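Enquirer: Pasting in a structure now, in structure tokens, and then I'll have a few things to ask.
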Amino acid sequence: MNSIVTKCPKVSLSNGLQIPILGLGTSHDGGYSHDAMLYALRECGVRHIDTAKRYGCEEQLSIAVQESGVPRQDLWLTTKLWPGEYGYTAAKKACRDSCSRLGVEYLDLYLMHWPDAMVPGRSNREVRVETWRALEELYNEGVCRAIGVSNFLVSHLKELKEDCSVVPHVNQVEYHPFQQPEELVEYCRQEGIVFEGYCPLAKGQALSHPTILQLAHKYARTPSQICIRWSVQNGVVTIPKSTQNERILENCQVFGFQLEGKDMEALGLWVLPLS
């Protein structure tokens, strides 16, 4: 099968690395399945996996990667630093601990999970700067091939640019037809920051929207494929989550068709109201 391997485009980061435009997300509270991960890696050819310390599944993911037989160099592994471990020393330790749990010597992408630092008596900006300095050093040491942020707004990115030397390679933010932060997307593109979107199906809410249902009928595709295709076609690195084999396969099959311009506009000219 391996359709996604041969057809999945890649997006260039500012440092020349290329990230697959489609990946598989994980989450906490039942958001990880060993069998589904093996299926994704072996049968669907998924090569981009997104996880986080917060999700509690790094060790399980390492087992699935080993069992899959996929060579490490063929995988793109992203994990994230939780705010409870922000700060220079804590961040460096947390990154190496994540590597250990994942059973790897390096991460392809390491993200600060949220802009809020949750450190009493210190400003968020101060803690973000100190934490980012640790990520810059991890990047320069080769422990992280790329570094980035998640859920950062334009104001947070501007502060980081003023305070630090390495511009984030990626900003991962919720992105779907009901949530289109165009100002943020445009700022990231201006600054050479790759925009990555999570929750492309709006936690399932998009699947019953009349416009999306109409497009699914028109293209003889599923509503989830319409949403993911729309995101990918906008140039957004997209990481749908699922723990069901049939859903993972369905979500991967988005490169054999293209939405027409007028249909892209129908989903993108305005933020669709929730049905």
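Enquirer: With the requirement that a residue be part of a helix (DSSP H, G or I) and more than 17 Å from Asp163 (Cβ to Cβ), what does the range 102-137 give you?
Expert: Hit for the range 102-137 is Leu102, nothing else.
Enquirer: Give the residues of the range 57-87 that are among the aromatic types (Phe, Trp, Tyr) and open to solvent by less than 60 Å² (accessible area, probe 1.4 Å), sorted by residue number.
Expert: Hits for the range 57-87 are Trp76, Tyr86.
Enquirer: What are the residues in the range 179-192 that are open to solvent by less than 30 Å² (accessible area, probe 1.4 Å) and either more than 27 Å from Leu207 (Cα to Cα) or more than 18 Å from the chain's Cα centre (by Cα) (or both), if any? Outline the logic, then answer.
Expert: So the first thing to find is which residues in the range 179-192 are open to solvent by less than 30 Å² (accessible area, probe 1.4 Å), and the list is 180, 184-185, 187-188.
The answer is Tyr187, Cys188.
Enquirer: Among the residues of the range 45-68, which ones are small (Gly, Ala, Ser), in contact (Cβ under 8 Å) with a residue 40 or more places away in the chain and more than 14 Å from Asp97 (Cα to Cα)?
Expert: Gly45
Enquirer: Checking the condition within 16 Å of the chain's Cα centre (by Cα), buried (at least 19 other Cβ atoms within 10 Å of the Cβ) and not polar (S, T, N, Q), which residue from Glu174, Glu196 passes?
Expert: Glu196
Enquirer: Can you name every residue in the range 9-31 that is surrounded by 15 or more Cβ atoms within 10 Å (Cβ to Cβ), in contact with a Gly (Cβ under 9 Å, 6 or more places away or on another chain) and at pLDDT below 95?
Expert: Gly31
Enquirer: So which residues in the range 138-157 are within 17 Å of Cys99 (Cβ to Cβ), open to solvent by 20 Å² or more (accessible area, probe 1.4 Å) and not in a helix (DSSP H, G or I), if there are any at all?
Expert: Within the range 138-157, Gly142, Arg145 qualify.
Enquirer: So the check is Cβ under 7 Å with 6+ separation or different chains; which pairs have a first residue in the range 104-133 that's at pLDDT 95 or above and a second one that's of a type in the set (D, E, K, R) and in a helix (DSSP H, G or I)?
Expert: Taking only residues 6 or more apart or on different chains, the pairs are Val104/Arg72; His113/Arg54; Pro115/Arg128; Arg125/Glu159; Val129/Asp163.
The values are calculated or read from the model by the stated rules, or taken from the named source; none is laboratory data. Note that the structure is predicted; figures quoted are calculated from it, not measured. Every residue, glycine among them, receives a Cβ derived from its backbone with ideal geometry; neighbour counts consider all protein chains shown. Remember, those area values only see protein heavy atoms, side chains included, never the ligands or the DNA or RNA. Shrake-Rupley method; radii C 1.70, N 1.55, O 1.52, S 1.80 Å.
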